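To keep things clear, I will list the structure first and then write my remarks on it.
The values are calculated or read from the model by the stated rules, or taken from the named source; none is laboratory data. Keep in mind it's a predicted model, so treat the numbers as computed, not measured. Glycine gets a Cβ as well: all are built from the backbone with ideal geometry, and neighbour counts include every protein chain shown.
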Amino acid sequence: MRIGELAKRAGTTTRALRFYESQGLLQAQRTANGYREYDEHDLRLVAEIQSLQSIGLSLEDTRPFVACLRAGHESGDSCPDSREIYRRKLAEVDACLDRLHAVRAFLVDRIEAFDPCRVDEPKEFKCS
């Protein structure tokens, strides 16, 4: 399939696909007249990239997953390097949650210091 069809089937743009190619994540075959040709495996790679980016992974973070699929694995997360990316991202999310809990605790303390209302979990304010 040509780049336009891949873009349509993947729900993305030809510009994004060209960018993925420039970053080494996609490798199009070239026809005699220079057109890019892709196959179903390329569609799977693009879907993997999009899925991973939708959960907050950077384009660079998708590399191990793409490499895992290219190596013939059924899933992009079945390789050790991919699982390491998941572990690192989980640590980032946990750190972010810790910061948010600290901010929330600070805000609850400040509200309770000057407001006769008490703050109940998770978002409700109740007055006595």
Selected residue [at pLDDT 95 or above, of a type outside the set (Val, Ile, Thr) and touching a Lys or Arg at 6+ places or on another chain (Cβ under 9 Å)] from ASP94, ASP42, ASP98, ASP81: ASP81
The lone exception for TYR38 - which of (1) closer than 30 Å to GLY4 by Cα; (2) out of contact with any Leu (no Cβ under 6 Å at 6 or more places or on another chain) it fails: (2)
Has the range 47-67 got at least one residue that is over 14 Å from the mean Cα position of the chain (by Cα), within 26 Å of ALA7 (Cα to Cα), modelled with pLDDT of 95 or more and not in a strand (DSSP E or B)? yes
Against the conditions (1) at pLDDT 95 or above; (2) surrounded by 11 or more Cβ atoms within 10 Å (Cβ to Cβ); (3) β-branched (Val, Ile, Thr), where does VAL108 fall short? Just the number, please. (1)
Whichever residue in the range 22-39 is of a type in the set (A, V, I, L, M, F, W, C) and modelled with pLDDT under 95 and, among such residues, is farthest from ALA71 (Cα to Cα): ALA32
Kindly list the number of the only condition in (1) surrounded by 13 or more Cβ atoms within 10 Å (Cβ to Cβ); (2) at pLDDT below 95; (3) of a type outside the set (D, E, K, R) that fails for PHE19. (2)
Over the range 6-38, the set of residues under 23 Å from the mean Cα position of the chain (by Cα) and among the acidic types (Asp, Glu) is GLU21
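How many residues does the range 68-89 hold that are outside any helix (DSSP H, G or I) and among the charged types (D, E, K, R)? Write out each step before concluding.
Filtering the range 68-89 for residues outside any helix (DSSP H, G or I) gives 71-79.
Of the ones still in play, those that are also among the charged types (D, E, K, R) are 74, 77.
Matching residues across the range 68-89 total 2.
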